[in-house]
Amino acid sequence: MGFGSGISCCLIQNTVLTPEQRERYQNTDTIQKILKKPKTIAIVGISRESHKASNMVASYLKDEGYRIIPVNLGADSILGEKCYPDLLSIPEKVDLVDIFRPSHEVLPIVEQAISIKAEAVWMQLRIINFEAADKAIEAGLSVVVDKCIKMEHGRYSGGLHSAGMNTGIISARRSHWR
């Protein structure tokens, strides 16, 4: 989970957030801080289906060395890990809560994240709940809204192209923009 020299880039992807909201909820320093050290990540809304984004992201994070804890009311285990019905049921420390639930369901999840003393909350792509985000920030949690943790991890660890996809291109050619 190594990261570069602290150089960060700011990419404005297709988002409905204003520049001020992007600075507050998609801050590159905050994103890198959340991703840097090994974490225990509760994945709320993880699917049992391997082709679903939540399952693919959790699998990626697990492969990258993070401890994942699935939170899914209807499953006993996912990706070989015991599932829990909610954050309050998890018997160990959770550092980061990664949310794959509709925006209108986020506030109670964030309230649980605050209750269990998580360090951060991450709302995945297209999941935007400013009330919940602000409540988490006021409680001292780091917050990311409307970003994919897998894409951001790959971007800052050097595993993905800046657009968030693995280009599959390997080149020894030097860039011209030093």
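The values are calculated or read from the model by the stated rules, or taken from the named source; none is laboratory data. All of these numbers come straight from a predicted model, not from anything done at the bench. For neighbour counting, all protein chains shown are included, and Cβ atoms are generated from backbone atoms with ideal geometry for every residue, glycine included.
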Original post:
Which one of these does ILE170 not meet: (1) loosely packed, with under 14 Cβ neighbours inside 10 Å; (2) modelled with pLDDT of 95 or more; (3) not small (Gly, Ala, Ser)?
Top reply: (2)
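Looking at the range 16-32 only, could you name the residues that are closer than 13 Å to PHE130 by Cβ and either surrounded by 10 or more Cβ atoms within 10 Å (Cβ to Cβ) or at pLDDT 95 or above (or both)? Steps first, answer last, please.
Applying the first criterion (closer than 13 Å to PHE130 by Cβ) to the range 16-32 yields 16-18, 20-22, 24-26.
LEU17, THR18, GLU20, GLN21, ARG22, ARG24, TYR25, GLN26, listed by residue number.
Scan the range 138-152 residue by residue and report those that are in contact (Cβ under 8 Å) with a residue 40 or more places away in the chain and either among the basic types (Lys, Arg) or touching a strand residue (DSSP E or B) at 6+ places or on another chain (Cβ under 8 Å) (or both). Quick ask: steps written out before the conclusion?
Initially, the range 138-152 is screened for residues in contact (Cβ under 8 Å) with a residue 40 or more places away in the chain, giving 142-150, 152.
Result: SER142, VAL143, VAL144, VAL145, ASP146, LYS147, ILE149, LYS150, GLU152.
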Subject >> Selection count where residues are more than 16 Å from SER50 (Cα to Cα) and at pLDDT below 95, scope the range 65-103 >> reply: 2
Original post:
Can you find a residue in the range 62-77 that is more than 26 Å from ARG155 (Cα to Cα), touching a residue at least 40 places away in the same chain (Cβ under 8 Å) and among the hydrophobic types (A, V, I, L, M, F, W, C)?
Top reply: no
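Can you find, within the range 33-46, the residue that is farthest from LEU61 (Cα to Cα) among those that are crowded, with 18+ Cβ neighbours inside 10 Å and out of contact with any Lys or Arg (no Cβ under 9 Å at 6 or more places or on another chain)? Give the steps one after another, and end with the answer.
Start the filter on the range 33-46 by keeping residues that are crowded, with 18+ Cβ neighbours inside 10 Å, which leaves 34-35, 39, 41-46.
With the extra rule that they be out of contact with any Lys or Arg (no Cβ under 9 Å at 6 or more places or on another chain), the set shrinks to 34-35, 42-43.
Details: ILE34: 13, LEU35: 10, ALA42: 11, ILE43: 10 Å.
Only one residue tops the list, namely ILE34.
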